[in-house]
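Report on the following structure.
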Amino acid sequence: MSKYWHVIGIGIQNTLVYRVNFLFRACFGLIPLMATIYLWRAVFRSNPDQASVAGYTLAAMTSYYLVATLVDMLTAVAEDDWQIAADIKDGNISQFLLKPMDYLTYRLCLFAAGRIIYTSVALAPVAVLLLVQREFLLLPADGLTAAVFAVSVVLTALLQFFVSYTMALLAFWVLEVSTFIFILFAFEYLAGGHLFPLDILPPPLLAALNFTPFPYQLYFPVSVYLGRVTGAELWQGLVIQAGWVIAGYALARWVWSRGIRRYSAVGG
Amino acid sequence: MDATSPASPPVAAPGCLRRYATVYAGLWRNSIVREMGFKTNFVLWIVVELLWFALQLCFVAVIYQHTERIATWSKWEVVLLMGASQFIQQVFTALFFTNCSNLSELVRTGRLDFLLLLPVNTRFVISLRHVDLGAFVNAASAVAVMVHAAGRLGLRPGVVELAAFAALCAAGVLIHYSLMFLLATVSFWTVRAQSIIWGYHNLFNVARLPDAAFRPGMFKATFTFVLPMLLVANVPVKLLADKLDAGWEVLLLLGMTAVCFAVSEWGWRRSVRHYTSASS
């Protein structure tokens, strides 16, 4: 579908405008990351007789946060949800109801374009950080792990997008979606593994979290990278992740079809 | 238009002080009326902030499942630190945060013209226009956490100690305000406000960590002497928990507060001098 390639092209040109912003964000984002890494290093220093804390060596723990940053850079939804909500509120989606263009695919293209630009801008500061921390950076055990990691990152990006898209569609019903987005984001932050690797939690809690989509929004690809899920568990996890992506897609479509029935073009 | 003159009305005479108090009371009234117009939203934002605070406490709880101490800090000392950091951050948010983040919008739309023409100090009115009342609720929850943590640590601070603690917290609020105001004026024309807010939120993350966790080096030096995040909450808590290595840390915090404020005033004056109205 060549028209969607055009959308990606336009999206790239539009987001290029914000490259300084992106660089600013990427650099500032490294500050809390460094702080967390130093904090863990202090924890390891405070327990000198133990080689590992909670099943992680210092290198594995540092790598966890570094790889999580990498995955986040590639997959996080930045402004897309705000824009979608604004499109609905301002009546901009009316034109998509008339054009032979699917709004979800259109937004997905813009999301992809945004990630391409963000990654290429943020790569420089992140690469510097990886270089500085290289003695603590573990590499994937083998080619297969790396390949599964790559697939899982793509699935993570899709899942992130569908979740944010569905949340933004709440704008059909409520005027102000930002609080809902922030509440969900708080849960993602904890249950997705942004704050700490989930397997340092008590096992029953981890088992409960595994029934939610949150771990598949960040934690799963990172633990694949670190080789903490292997064998049958690896393939099982990948299938579950794909399942969540399909469920997210179905939910997004369903909410859209419900929302569009309520929609009355304001302004437009 | 001579843009430097509005920054200069002296704030010394007692009559002048009373006038500013009256103006500020008016700004408070306005903010209350505005907030009460969106009650659901008001409550939801408090919920959002509480959730994020709870997240930070979860992080502490999980880390201390796997270690007894982080450097010299025990679990409840770190909880006390998180509470103090949240308290300072929320008081800062209540009084200054929205105002600082709105500054670049004022510049972009040219609405700053109107504020420059008001017969009050421009920095005063820009910095204190909106009061975020929800943040006071969150500050209260931070106090509750601090009281609980202090109880667990068996601390019994006297009136003098509490007053000193409050004064050091106020210094912390001033540091946050000066730095963010400076950030907002520096990026007058280049970066959109959203990035400033986002950027500053990252610094809060450093402020709630125990300083002893960081070894001397670039990181620690930067966040002590350039952006004194590791002083803002750490020094008041160390005073309260009797962890101060020496009195010079208190002096450093107060000194850095003065320096930050002076630098932000300098940056503000420079920026205003370069201001050319956008549209009107």
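The values are calculated or read from the model by the stated rules, or taken from the named source; none is laboratory data. If you're wondering where the values come from, they're calculated on a predicted model, not measured in any experiment. With ideal geometry, Cβ positions are generated from the backbone for all residues, glycine too; neighbour counts draw on all protein chains shown. Side chains included, ligands, DNA and RNA excluded: accessible areas come from the protein's heavy atoms. Shrake-Rupley method; radii C 1.70, N 1.55, O 1.52, S 1.80 Å.
If the Cβ limit is 6 Å and pairs must be 6+ apart or interchain, which residue in region A:195-211 that is within 8 Å of chain B (Cβ to nearest Cβ) pairs with which residue that is open to solvent by less than 50 Å² (accessible area, probe 1.4 Å)?
Listed pairs, sorted by first residue: A:Leu195/B:Phe59; A:Phe196/B:Val62; A:Ile200/A:Ala54.
List pairs: first in region B:162-180 and touching a residue at least 12 places away in the same chain (Cβ under 8 Å), second of a type in the set (D, E, K, R) and surrounded by 21 or more Cβ atoms within 10 Å (Cβ to Cβ), Cβ under 6 Å, 6+ apart or cross-chain?
That search, which allows pairs on different chains as well, returns nothing.
Right, B:Arg29: charged (D, E, K, R) and closer than 24 Å to B:Asn138 by Cβ or not? Quick ask: steps written out before the conclusion?
Details: charged (D, E, K, R): yes; closer than 24 Å to B:Asn138 by Cβ: yes.
Yes: the conditions hold for B:Arg29.
So which of B:Ala262, B:Ala246, B:Ala233 ends up being small (Gly, Ala, Ser), surrounded by 19 or more Cβ atoms within 10 Å (Cβ to Cβ) and out of contact with any Asp or Glu (no Cβ under 8 Å at 6 or more places or on another chain)?
When all the criteria are applied, what remains is B:Ala233.
Could you list, in sequence order, the residues of region A:44-77 that are among the hydroxyl-bearing types (Ser, Thr, Tyr) and open to solvent by 30 Å² or more (accessible area, probe 1.4 Å)?
A:Ser46, A:Ser52, A:Thr57, A:Thr69
Please pick out the residue among A:Val224, A:Val174, A:Val229 that is within 12 Å of another protein chain (Cβ to nearest Cβ), open to solvent by less than 60 Å² (accessible area, probe 1.4 Å) and of a type in the set (A, V, I, L, M).
Sole residue among the options that is within 12 Å of another protein chain (Cβ to nearest Cβ), open to solvent by less than 60 Å² (accessible area, probe 1.4 Å) and of a type in the set (A, V, I, L, M): A:Val174.
What are the residues in region A:186-241 that are assigned to a loop (DSSP other than H, G, I, E, B), within 28 Å of A:Met34 (Cα to Cα) and hydrophobic (A, V, I, L, M, F, W, C), if any?
If the condition is that a residue be assigned to a loop (DSSP other than H, G, I, E, B), within 28 Å of A:Met34 (Cα to Cα) and hydrophobic (A, V, I, L, M, F, W, C), then A:Leu195, A:Phe196, A:Leu201, A:Leu218, A:Leu226, A:Val229 are the ones that fit.
Among the residues of region A:23-43, which ones are more than 7 Å from chain B (Cβ to nearest Cβ), within 16 Å of B:Ala212 (Cα to Cα) and open to solvent by less than 20 Å² (accessible area, probe 1.4 Å)?
Scanning region A:23-43 gives A:Ile37, A:Trp40.
Answer yes or no as to whether B:Gly134 is out of contact with any Leu (no Cβ under 7 Å at 6 or more places or on another chain), assigned to a helix (DSSP H, G or I) and within 14 Å of another protein chain (Cβ to nearest Cβ).
yes
Within region B:50-75, count every residue that is more than 9 Å from every other protein chain (Cβ to nearest Cβ), assigned to a helix (DSSP H, G or I) and not hydrophobic (A, V, I, L, M, F, W, C).
Qualifying residue count, region B:50-75: 1.
Go through the residues of region B:169-179 one by one and say whether even a single one is within 14 Å of another protein chain (Cβ to nearest Cβ), among the aliphatic types (A, V, I, L, M) and assigned to a helix (DSSP H, G or I).
yes
Which one of these is of a type outside the set (A, V, I, L, M) and more than 9 Å from chain B (Cβ to nearest Cβ): A:Ser46, A:Ser63? Lay out the reasoning, then the answer.
Values: A:Ser46 fails: more than 9 Å from chain B (Cβ to nearest Cβ).
Of the residues listed, the single one that is of a type outside the set (A, V, I, L, M) and more than 9 Å from chain B (Cβ to nearest Cβ) is A:Ser63.
Quick one: would you say B:Trp198 is at pLDDT below 95, open to solvent by 10 Å² or more (accessible area, probe 1.4 Å), farther than 25 Å from A:Leu33 by Cα and within 14 Å of chain A (Cβ to nearest Cβ)?
no
Just wondering, is there one or more residues in region B:147-161 that are closer than 30 Å to B:Ser104 by Cβ and assigned to a helix (DSSP H, G or I)?
no
So, in region A:144-198, exactly how many residues are in contact with a strand residue (DSSP E or B) (Cβ under 8 Å, 6 or more places away or on another chain) and of a type in the set (Ser, Thr, Tyr)?
Number satisfying all stated conditions: 0.
Run down A:Val255, A:Val174, A:Val245 and say which single residue is β-branched (Val, Ile, Thr) and either within 20 Å of A:Ala150 (Cβ to Cβ) or in contact with a His (Cβ under 7 Å, 6 or more places away or on another chain) (or both).
A:Val245
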